[in-house]
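The values are calculated or read from the model by the stated rules, or taken from the named source; none is laboratory data. Owing to the predicted nature of the structure, the values given are computational and were not obtained by experimental measurement. Please note: Cβ atoms are built from the backbone with ideal geometry, for glycine as well, and neighbour counts cover all protein chains shown. These accessible areas exclude ligands, DNA and RNA; they are computed on the full protein's heavy atoms, side chains included. Shrake-Rupley method; radii C 1.70, N 1.55, O 1.52, S 1.80 Å.
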Amino acid sequence: MTLKTRRTALQKDDCEYVWHPFTQMQEWECQPPLIIRRGKGSYVYDMDGNAYLDATASIWVNVHGHRHPRIDQAIRHQLTQIAHTTLLGLSNPPAIQLAKALIRLAPKGLRKVFYSDNGSTAVEVAAKMAIQYWQQCPTPQPRKTRFIHLGMSYHGDTVGSVSLSGIELFRRPFSSLLFPTHDIEPPYCYRCPLQLQFPQCRLACLEPLKKLLHAHHQEIAGLILEPMVQAVAGIIPSPPGYLKHVRELCTRYKVLFIADEVATGFGRTGRMFACEHEEISPDIMAIAKGLTGGYLPLAATLTTTAIYEAFLGEGHEDKTFFHGHSYAGNPLGCAAALANLAIFKSERTLAKLQRRIPKFRTALELLTNDPWVGDIRQCGYMVGIELVQHKSQKIPFPASERIGQKIAMTARALGLLIRPIGTIMILMPPLSASVKELDQMVSILKLAISVVRASSASSSMEPRT
Ligand SMILES: *Cc1c(COP(=O)(O)O)cnc(C)c1O
């Protein structure tokens, strides 16, 4: 079978058998899917050998590039020992070593690691821990059962994590299942709901949170947010000081502060964890995506000694945290994660990033004058470019025009993989991406935007008959 006939057969079977996540399958079936066969560094290659720069980092998980020899080797080595053994009643070396390594790196005060296997679940665990904690802590407060979260936030797809998320589109069909929460307006400075500007605003957006906490703290178990950047919301960085203030308010009102570092963790924002930017420590922290360098599904929920100790007791007291997944602490995943952390050290990943981040910013300036580019938001290697029809009035494109999708498809034909969120173009390169590769990503994106603009201008000039 030639590669081409093999590719065609696979494409047919994909359409016949695979239901893709977050994908309108009716549209998917209209065109042959792109099948990625291999990858190396910042590139992935399709069945025909065409190369694409991976500006999605394989949906935000890849850290040191594809096929990093050290992670490849760590997994191969672990395979000579055992692929999986359970953490229920047993332990294994990589899970133990990784927990210790994570606690060394994590914000101060986090002392215990609870494993799971994806970000949504790590958040679900955080919520359940918080609820049970208030029932079992030294001065129990069982009325504390509600959570606060930000509008537009994304914390995953399980019913609990959707309850904590603020994206209406993902909530609507399941509203009958979701638990009630308090949501507060997110700090979306480009479209500030209060029509104010930083720093003159003096973080006025925190006032509703202060009022809410003042009135209802006795019923509030925890507050969850994505520190520094709301990612799926469209890469929305919080203004300086916001994170620290929220942390202080939570402490003042005895509300557990849950940091969802699933997207921001592992160097994505230029620091190992985004909480470090404002030198804060959460009470509970969820991590996943970059944990294994983008190799295997693994997640963890980290917490403090105080929370952990509330779960201690005699067996008959039923204080146990009754939660655990079949693949928790999977040795292959933990071995990959240990190698991932080792590379941060041996390749001085974070130090290199400090030099490349400003160069990335400079590269992005190429887009500043594009008539469709309304806002460029960057935090480390996380970039969101918000496209608008009218720059000065910030008028968005109607969703029906599918501008983001058209630009992504054009970019793909030019050798760049990018997955937009609506009309926000997202650049999320592996942290190993070189300045040259970052420049290329930006130039291809710029070209793709102008190609789509040219074609939409000519199609709107066509006579309507
Ligand atoms: C991706 C993401 C999740 C969900 O992680 P999964 O591994 O996809 O379940 C949760 N929170 C944030 C902030 C994310 O970006």
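For the range 71-346, what is Rg from Cα atoms divided by 2.2 N^0.38 Å, rounded to two decimals?
Numbers: Rg = 18.7 Å, N = 276, 2.2 N^0.38 = 18.6 Å.
In units of the globular-protein estimate, the range 71-346 measures up at 1.00.
How much of the accessible area of the range 71-346, in percent, comes from carbon and sulfur atoms when a 1.4 Å probe is used? Answer for the range 71-346 is 56 percent, counting heavy atoms of protein chains only. Taking Cβ atoms as reference points and 15 Å as the exclusive limit, the residues near Y190 contribute a net charge of +1, counting Lys and Arg as +1 and Asp and Glu as -1. Remark: the range 216-344 carries a charge dipole of roughly 380 debye about the Cα centre, counting +1 on each Lys and Arg Cβ and -1 on each Asp and Glu Cβ.
Would you mind getting the accessible area per residue of the range 321-439, heavy atoms of the protein chains only, 1.4 Å probe, in Å²? Spell out each step's value before the answer.
Details: 5110 Å² over 119 residues.
With the other protein chains kept in place, the range 321-439 gives 43 Å² per residue.
Which percentage, to the nearest 5, of the DSSP beta bridges contained in the chain is antiparallel? Among the beta bridges of the chain, antiparallel pairing accounts for roughly 65 percent. Evaluated with a Cβ-only charge set (Lys, Arg +1; Asp, Glu -1), the range 71-346 carries a dipole of roughly 420 debye about its Cα centre, given to the nearest 20. If we count every other residue with Cβ under 14 angstrom of L341's Cβ, Lys/Arg +1 and Asp/Glu -1, where does the sum land? Combined, the nearby Lys, Arg, Asp and Glu give +4.
What FRET efficiency comes out for the pair D72/I167, r = Cβ-Cβ distance, R0 = 35 Å, nearest 0.05?
Once the sixth-power term is evaluated, E becomes 0.45.
If I take every Cα pair under 8 Å that is 6 or more residues apart in the chain, average their sequence separation and divide by the length, what percent do I get for the relative contact order?
21 percent
Counting charges near A74 (Lys, Arg +1; Asp, Glu -1) among other residues having Cβ under 15 Å from its Cβ returns a value of +2. Heavy-atom accessible area for Y308, with the other protein chains in place and a 1.4 Å probe, reaches approximately 90 Å². Per-residue accessible area (protein heavy atoms, 1.4 Å probe) orders T320, T303, T423 as T320, T423, T303, starting from the largest. Each part reduced to its alpha carbon centroid, the range 128-186 and the range 64-101 end up 32 Å apart.
Which whole DSSP H helices in the chain pass both tests: a Cα extent of 27 Å or more along the axis and a mean Kyte-Doolittle value no lower than -1.0? Present the calculation step by step, with values, prior to reporting the outcome.
Details: long enough: 435-461 (39 Å, 0.67).
Span-like helices in the chain: 435-461.
The charge dipole of the chain, taken about its Cα centre with unit charges on the Cβ atoms of Lys, Arg (+1), Asp and Glu (-1) only, comes to about 1060 debye. Rg of the Cα atoms in the range 392-435, relative to 2.2 N^0.38 Å, amounts to 1.36. Max-minus-min Cα coordinates of the chain on each principal axis give 75, 59, 45 Å, with the largest extent listed first.
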